[in-house]
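First comes the structure, then the notes that go with it.
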Amino acid sequence: MTRPSSTQDIPEASLVPTHVAIIMDGNGRWATTRYLPRVAGHAKGVEAVRGIVKACVARGVAYLTLFAFSSENWRRPPEEVSLLMRLFSTALEREVSRMHANGVRLRIVGDLSRFDPVLQQQIADAEVRTADNERLTLTICANYGGRWDMLQAMNKAAATRPGSTEFTEQDLAPHLAMAHAPEPDLFIRTGGEQRISNFLLWQLAYTELYFTDTYWPDFNAASLDQAILSYQQRERRFGRTSAQLIEVRKAS
Ligand code: IPE
Ligand code: IPE
Ligand code: MG
């Protein structure tokens, strides 16, 4: 099913964002300020993920998307990259049963072909096992890049219509990595940087943006509530005027 596009139709608004997307940043600095190795920050970051998944389930957030490893993160020192891979694999091993028991459907999106085949298998197994869960869809973006996403979707759309030179948004949408979810309502970036870093470029077109200095390992349920409160105070106009929105609300 193709989800409504924020540049075509106005998605339904609700008090609790349906889809929260997060750039989990600041693990390294969290560790460095404590004279710990950066990997200690990443390990602590996994604990924060557990807490935020639980908090999202409790608040009725239906989709949570987390940026775990970007297509640019391969540029990090090889030891850090391999530790991150190991951590990802251990986290899957340890967390999937708990997630499954809590009704979480797990999706991992990105160019997974570059991962170790064992990790690829683990990912596939976790997705199959949790496929029918409906309480929360947790999407992990791994070796993901917004430009990669648009290009791979474009290539797939082109392959389904050989010879075509003109494509619409609707042709592209089903091939995007996040086709299983509506567009994010609320974007959060922890760690103080105010940039998108090649995250969901297409899907964030009309998302409300929230930045916090809190390092990801310190981001907890109360921090999430603060972000949601900020979201609830925004007026999402999708190109329209405030007066028009009042009319639309009256009519519905
Ligand atoms: C985010 O934390 C986690 C990943 C990118 C894997 P960082 O590792 O970027 O932490 P900082 O930004 O160096 O503090
Ligand atoms: C973005 O964080 C990617 C993830 C959180 C996985 P980075 O810390 O890698 O972002 P930049 O490169 O500093 O923008
Ligand atoms: Mg960072």
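The values are calculated or read from the model by the stated rules, or taken from the named source; none is laboratory data. Just so we're clear, the structure is a prediction, and the values are computed from it rather than from any experiment. Using ideal geometry, Cβ is built from the backbone for each residue, glycine included, and neighbour counts are taken over all protein chains shown.
Listed values, structure above:
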read-out: Sole exception among (1) at pLDDT below 95; (2) within 18 Å of the chain's Cα centre (by Cα) for Phe219, by number; value: (1)
read-out: Qualifying positions in segment 159-179 - surrounded by 16 or more Cβ atoms within 10 Å (Cβ to Cβ) and among the hydrophobic types (A, V, I, L, M, F, W, C); value: Leu172, Ala173, Leu176, Ala177, Met178
read-out: Only one of Glu208, Glu169 that is more than 16 Å from ligand 3 (Cβ to nearest atom) and under 17 Å from the mean Cα position of the chain (by Cα); value: Glu208
read-out: Tally of residues being buried (at least 24 other Cβ atoms within 10 Å of the Cβ) and either in contact with a helix residue (DSSP H, G or I) (Cβ under 8 Å, 6 or more places away or on another chain) or without any contact (Cβ under 8 Å) to a residue 40 or more places away in the chain (or both) across segment 180-192; value: 3
read-out: Residue count for segment 1-37, restricted to those that are crowded, with 19+ Cβ neighbours inside 10 Å and within 12 Å of ligand 1 (Cβ to nearest atom); value: 9
read-out: Filter pass, Asp225 being of a type in the set (D, E, K, R), loosely packed, with under 13 Cβ neighbours inside 10 Å, within 14 Å of ligand 3 (Cβ to nearest atom) and over 17 Å from the mean Cα position of the chain (by Cα); value: no
read-out: Every pair of residues 6+ apart whose Cβ atoms lie under 7 Å, when the first sits in segment 84-109 and is touching a residue at least 12 places away in the same chain (Cβ under 8 Å) and at negative phi while the second is part of a helix (DSSP H, G or I) and among the acidic types (Asp, Glu); value: Leu106/Glu127; Arg107/Glu127; Ile108/Glu127
read-out: Failed item in (1) part of a helix (DSSP H, G or I); (2) away from ligand 3 (no atom under 16 Å from the Cβ); (3) free of Cβ contacts under 8 Å to residues at least 24 places away in the same chain, with Glu12 passing the rest; value: (1)
read-out: Top-ranked residue in segment 148-171 [being in contact (Cβ under 8 Å) with a residue 40 or more places away in the chain and of a type outside the set (A, V, I, L, M, F, W, C); ranked as nearest to Thr7 (Cα to Cα)]; value: Glu169
read-out: Within segment 201-219, tally of residues that are under 13 Å from Ile23 (Cβ atoms), of a type in the set (Phe, Trp, Tyr) and away from ligand 1 (no atom under 16 Å from the Cβ); value: 1
read-out: Test: Gly41 is in a helix (DSSP H, G or I), over 16 Å from the mean Cα position of the chain (by Cα) and under 23 Å from Leu200 (Cα atoms); value: no
